[in-house]
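J.: The structure's right below; bear with me while I get my questions together.
The values are calculated or read from the model by the stated rules, or taken from the named source; none is laboratory data. Computed from a prediction, not measured in an experiment: that's the story for all the values here. Here the Cβ positions follow ideal geometry from the backbone for every residue, glycine too, while neighbour counts run over all protein chains shown.
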Amino acid sequence: MSAPKSVLLCRVADLAPGSVRRVEHKDGPAIAVYNVDGAFYATDDNCTHGLSSLAEGALDGDMIECAAHFGGFDVKTGKAVMAPCSIDLRSYRVEVRGGEVFAVLAD
Ligand code: FES
């Protein structure tokens, strides 16, 4: 069985706590990577309400607030937690290896 495919998101040193970044890659939709107090999380970057980039929004603790209509998601789970968002985001398992942060696309 082959290893699951993963995508390099950023270097640990390049994404400060409280920050979020959009990462484009060739194997699927753009991913948002979040640093919440030194722990990294990843979800799809496109808001499920209107496809706005969540990386343009505000990370408040473990919630990302969309800049378009101020809906929110729990970045740890992808769960929609604030209206008008009601459809959960895909979230990704994150691995930190050698100072770099990866999203695992499939297990
Ligand atoms: Fe994100 Fe509407 S597009 S809340």
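J.: Among (1) more than 16 Å from the ligand (Cβ to nearest atom); (2) in a strand (DSSP E or B); (3) surrounded by 14 or more Cβ atoms within 10 Å (Cβ to Cβ), which single condition is Val81 missing?
T.: Unmet condition: (1).
J.: Scan segment 40-54 and give yes if some residue there is more than 13 Å from the ligand (Cβ to nearest atom), of a type in the set (Gly, Ala, Ser), in a strand (DSSP E or B) and touching a residue at least 40 places away in the same chain (Cβ under 8 Å), otherwise no. So that I can check it myself, show each step before the final result.
T.: The initial filter retains those residues of segment 40-54 that are more than 13 Å from the ligand (Cβ to nearest atom), namely 40-42.
Subsequent filtering for residues that are of a type in the set (Gly, Ala, Ser) retains 42.
Narrowing further to those that are in a strand (DSSP E or B): 42.
Now narrow it down to the ones that are touching a residue at least 40 places away in the same chain (Cβ under 8 Å): 42.
Taking every residue of segment 40-54 in turn, at least one turns out to be more than 13 Å from the ligand (Cβ to nearest atom), of a type in the set (Gly, Ala, Ser), in a strand (DSSP E or B) and touching a residue at least 40 places away in the same chain (Cβ under 8 Å).
J.: Let me ask you something else. Quick one: which of Val36, Val81, Val75 is without any contact (Cβ under 8 Å) to a residue 60 or more places away in the chain and farther than 21 Å from Val7 by Cβ?
T.: Numbers: Val36 fails: farther than 21 Å from Val7 by Cβ; Val75 fails: farther than 21 Å from Val7 by Cβ.
Result: Val81 is the single residue among Val36, Val81, Val75 that is without any contact (Cβ under 8 Å) to a residue 60 or more places away in the chain and farther than 21 Å from Val7 by Cβ.
J.: To continue, here is another question. Does Ser91 satisfy being near the ligand (Cβ under 10 Å from one of its atoms) and touching a residue at least 12 places away in the same chain (Cβ under 8 Å)? Full working, then the answer.
T.: On the way: near the ligand (Cβ under 10 Å from one of its atoms): no; touching a residue at least 12 places away in the same chain (Cβ under 8 Å): yes.
Here the answer is no, as Ser91 does not meet what is asked.
Every residue, every condition in (1) charged (D, E, K, R); (2) buried (at least 20 other Cβ atoms within 10 Å of the Cβ); (3) at pLDDT below 95, yes or no:
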position: Glu56; (1), (2), (3): yes, no, no
position: Gly61; (1), (2), (3): no, no, no
position: Leu89; (1), (2), (3): no, yes, no
position: Ala106; (1), (2), (3): no, no, yes
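J.: Here's another thing I want to ask about it. With (1) more than 15 Å from Cys10 (Cβ to Cβ); (2) of a type outside the set (D, E, K, R); (3) out of contact with any Leu (no Cβ under 9 Å at 6 or more places or on another chain) as the list, and Ala67 as the residue in question, which single condition is left unmet?
T.: (3)
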